[in-house]
Amino acid sequence: MEDMMKDRVEQLVDYIMKNCLWQFHSRAWDREKQNEGILTKTMQILCEEPVEKETPMDKVYWVDAVCLADAFKKRYSWLAALDKGEIKLLMQGLKERMDYLTITGSLNAELTDPHY
Amino acid sequence: MPYHKFKCSECIPEREKHAVIKGPGEDLTSALPLGYLNTIPGSISERGCAYCGAKHVIGTPMKDVIHMSHGPVGCTYDTWQTKRYISDNDNFQLKYTYATDMKEKHIIFGAEKLLKQNIIEAFKAFPTIKRMTLYQTCASALIGDDINAIAAEVMEEMPEVDIFVCNSPGFGGPSQSGGHHKINIAWINQKVGNVEPKITSDYVINYVGEYNIQGDQEVMVDYFRRMGIQVLSTFTGNGSYDDLRSMHRAHLNVLECARSAEYICNELKVRYGTPRLDIDGFGFEALGTSLRKVGLFFGIEDRAQAIIDEETARWKPEMDWYKERLQGKKVCLWPGGSKLWHWAHAIREDMGVNVVSVYTKFGHQGDMEKGIARCEEGALAIDDPNELEALEALEMLKPDIIFTGKRPGEVAKKLRVPYLNAHAYHNGPYKGFEGWVRFARDIYNAIYSPIHQLSFVDISKDEIPDQTSFLTQKMISDVNLSEEVTASKELREYTGNYDTITPLRNKTYPDFPAEKKLSAV
């Protein structure tokens, strides 16, 4: 079960890495906001929960989240068989993995530069 | 860490950490080269300087401006016209290049008087142009000429003109990327917020990090206008100086080349609260998703979808014709910075080619993260390569084609590897749905060129084939294709026109009346 979850998280990571750019902002604090904003909203869309999109920043996260959720649903048929609890667990795993790959485990020495 | 040590660089051991091979199971936490560091002494870099990065990459694509270098004439002359960033005002910014022509005596006695004289002369020579960008070079920076003071003096004496000063001498960074950074920050500090624009739409964007190479900007702006979006400014290809002073009024910054222009987007976000949306203008799916995102942001997704459907129906059969013939070809994707990640996945998806190596001359580790993430296993990633390393990599990888600049491109030809110009393009534009097909056509023509086939013959020992007197690309490319493909009624070669840009300049667009009250400045 754990292996299956890990494998599914890796499939989602692979899609993001090959097709998206939002996860690679230049500073750690931006990457944290991007990962949190977009992946939380993607989870809400997949779980058919309400999504905040009133402010410009929320809206720009939502835009990426809509496209990501659509791509996940289109490519990974196993997603349709998951209930909301399982989707939340999956997306939590995805968020942790993305944070590791792009922030906490990243070898990019510029992430902590205090200036743009 | 899967570092790759080049044999030719064994005498420069520091180079080892600048190349990695993405092996099985490797990810970005284990496979990432160093980047954006000073070139190691002894390594003959292919990089440009920080002056060139500021002036010739970012400043000069602005179209209605005199771009003046304060320094020896070689600084501007030798970097002039290295890119084909055209404009819709008869390419004013490409036709002329201006320098104060500093000489040895000015190094001793100073060149501020010379600078002032040159600025005034240039404005008098082009009386319709009232805007200028002014660039420091190594020589003028080292003697301490105060170009800000001279610019202020001229603006006081000639109140109708406006001058932007860029302090990015050649030594101001490890590479041209240092200049990108400096000019981004200088522009927002000096100029953004100085002009209030006329807002004509409910949907207003800045299109940032786009340099109109062979018309790329005009292709993308066409899509935005078809969606009823006002492109307030383009930073900077085909962009207007005064439009770029009003960047603060856009609702969204649509960012293409994050390497050269993310700085100004980040600052616009912090100072004015304008969000940043990173997009890809290359590749059918990536471009479609990008247009859709912009549409979603403004609640006009249907307009974006209509364009995606129309363009895909028109151009996909032509892309697929080339994909059938390019399947599995090995590519070294060796551009300057952003194209290594813009193209790495899209060319695999749309053209079926296999990226065996990515390199970047001036990219940062963030660019390598994006590029390596988009490559498949086994790809060799190199930061700031020298010529010998590039030659060694070509011998090792044996690519079918290389996408790079003209200097390493000409070197690759000596190894009988055809090259396409990744910076200035061959027969662009390459952006947009049609542009992407033009890129595929150029790749096809390069790989299957009958002339190129002759280069494989070594006249010192091989027999010269005199029986094969006539060959075409198609005769070479279609040898091993199935009849289903060669006789397909669906697939076809590129059928677009030679010039795709001029018609866009006279095009009329649908009228989408604004719902909100618009400014009348």
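Rule-based calculations on the coordinates, nothing more; no lab input. Because the structure is a prediction, the values reported are computed rather than measured. Heads up, the Cβs are rebuilt from the backbone with ideal geometry, glycines too, and the neighbour counts pull from every protein chain shown.
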- Task: State, in angstrom, two size descriptors of the stretch B:114-253 derived from its alpha carbons: Rg to one decimal place and Dmax to the nearest whole number.
- Result: 16.8, 51
- Item | Rounded tilt (10° steps) of B:112-125 against the dominant C-alpha axis of chain B | 80 degrees
- Could you tell me what fraction of 2.2 N^0.38 Å the Cα radius of gyration of the protein assembly as shown comes to, as a two-decimal ratio? 0.98
- Taking every residue of B:270-283, the Cβ atoms of other protein chains inside 10 Å of its Cβ average out to 3
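Quote the charge dipole size of chain B about the Cα centre in Debye, to the nearest 20; the model charges only the Cβ of Lys and Arg (+1) and of Asp and Glu (-1).
640 debye
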- What would the Debye formula give as log10 I(q)/I(0) at q = 0.13, 0.14 Å⁻¹ for the alpha-carbon point model of the stretch B:372-444, no solvent? -0.43, -0.50
- Message: Pairwise over distinct Cα atoms, reciprocal of the mean inverse distance: report the Kirkwood radius of the stretch B:192-350 in Å, one decimal place.
- Response: 16.5 Å
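For peptide A:100-107, how many partner chain Cβ atoms fall within 10 Å of a residue's Cβ, on average?
Neighbouring Cβ atoms belonging to other protein chains average 4 per residue here.
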- Note on the structure: By the mean-Cβ-within-10 Å protection proxy, highest first, A:26-34, B:479-487 rank as A:26-34, B:479-487
- Item | Reduced Cα scattering model of the stretch B:365-521, Debye log10 I(q)/I(0), q = 0.18, 0.19 Å⁻¹ | -1.32, -1.38
- How big, on average over all directions, is the shadow cast by the Cα convex hull of the stretch B:283-400, in nm²? 8.2 nm²
- Given the Cα atoms of the stretch A:44-116, and with Rh set as the inverse mean 1/r over their pairs in the Kirkwood sense, what is Rg to Rh to two decimals? 1.05
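Which net charge results when you count Lys and Arg as +1 and Asp and Glu as -1 among the other residues whose beta-carbon is under 14 Å from that of A:Leu21?
On the way: positive: A:Lys18, A:Arg31, B:Arg259, B:Arg276, B:Lys293, B:Lys339, B:Lys370, B:Arg374; negative: A:Asp30, A:Asp64, B:Glu256, B:Glu262, B:Asp278, B:Asp280, B:Glu285, B:Asp367, B:Glu369.
With Lys, Arg at +1 and Asp, Glu at -1, the net is -1.
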- Item | Overall Cα dimensions of the stretch B:1-160, principal axis frame, Å, largest first | 64, 42, 24
- Query: How much FRET efficiency would the formula 1/(1 + (r/R0)^6) give for A:Leu89 and B:Tyr96, where r is the Cβ-Cβ distance and R0 is 60 Å, rounded to 0.05?
  - Reply: 0.45
- Taking the convex hull of Cα positions in the stretch B:441-521, its mean projected area over all directions (nm²): 12.4 nm²
- Message: Based on the alpha-carbon set only, what is the convex hull volume of chain B divided per residue, in Å³?
- Response: 180 Å³
- Tell me, rounded to the nearest percent, the portion of alpha carbon pairs in the stretch B:37-86 spaced more than 12 Å apart. 69 percent
- Task: Working from Cα positions, state the angle (0 to 90°, nearest 10) between the long axis of helix B:339-351 and the longest principal axis of chain B.
- Result: 40 degrees
- Degrees, to the nearest 10: B:216-226 long Cα axis against longest axis of chain B: 80 degrees
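Which order, highest average first, do B:96-103, B:109-116 follow once you tally other Cβ atoms within 10 Å for each residue and take the mean per peptide? Kindly include the intermediate steps, with their values, before the conclusion.
Working: B:96-103: 20.2, B:109-116: 18.5.
Most protected by this proxy first, the peptides run B:96-103, B:109-116.
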- Return the distance in nm (one decimal) between the two label points of a simple spin-label model at B:Glu395 and B:Met1, each offset 7 Å from Cα along Cα→Cβ. 2.6 nm
- What's the average, rounded to a whole number, of partner chain beta-carbon atoms within 10 Å of each residue's beta-carbon in B:285-298? 3
- Task: Report the calculated FRET efficiency for A:Ser77 and B:Ser45 (r = Cβ-Cβ distance, R0 = 60 Å), to the nearest 0.05.
- Result: 0.80
- Query: Hey, what D do you get for the stretch B:61-153 in µm²/s if you plug the Kirkwood alpha-carbon radius into Stokes-Einstein at 25 °C and 0.890 mPa s?
  - Reply: 179 µm²/s
- Message: Just to be sure I understand: if I project the alpha-carbon convex hull of the stretch B:337-413 onto a plane and average over all orientations, what area do I get in nm²?
- Response: 4.8 nm²
- Query: Can you give the net charge of the other residues whose Cβ lies under 14 Å from the Cβ of B:Ile451, counting K and R as +1 and D and E as -1?
  - Reply: +2
- Query: Do any of B:Lys316/B:Lys414; A:Lys59/B:Lys507; B:Lys105/B:Lys361; B:Lys323/B:Lys431; B:Lys95/B:Lys316; B:Lys361/B:Lys413 go past 28 Å between their Cα atoms, and which?
  - Reply: B:Lys316/B:Lys414; A:Lys59/B:Lys507; B:Lys105/B:Lys361; B:Lys95/B:Lys316
- For B:Asp462 and B:Glu160, FRET efficiency with R0 = 56 Å and r from the beta-carbon atoms, rounded to 0.05? 0.25
- Percent of all alpha-carbon pairs of the stretch A:1-101 at distances over 23 Å, whole number, is 20 percent
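For the stretch B:167-228, what percent of Cα pairs sit more than 17 Å apart?
Percentage above 17 Å: 60.
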